[in-house]
Amino acid sequence: MARLTLRLPDTLHEQLQTLAEQEAVSLNHYIVYALTRQATLA
């Protein structure tokens, strides 16, 4: 599995963290899920 370091604005990080908590998953899991969904729509 690859590792990626990503710089996010604090506000975006907070939004993503909140969404991940609502889904009861880790922030990493939520971001991977969101990117996968976006990639499959392209």
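Within this structure, Val25 fails the test of being surrounded by 10 or more Cβ atoms within 10 Å (Cβ to Cβ), modelled with pLDDT of 95 or more, out of contact with any helix residue (DSSP H, G or I) (no Cβ under 8 Å at 6 or more places or on another chain) and not charged (D, E, K, R).
Take the conditions polar (S, T, N, Q) and either in a loop (DSSP other than H, G, I, E, B) or in contact (Cβ under 8 Å) with a residue 12 or more places away in the chain (or both) and apply them to Thr5. Does it pass? In short, yes.
The values are calculated or read from the model by the stated rules, or taken from the named source; none is laboratory data. In this text the structure is predicted, and so the values were computed from the model without any measurement. In this analysis, Cβ positions are derived from the backbone assuming ideal geometry, glycine residues included, and neighbour counts consider all displayed protein chains.
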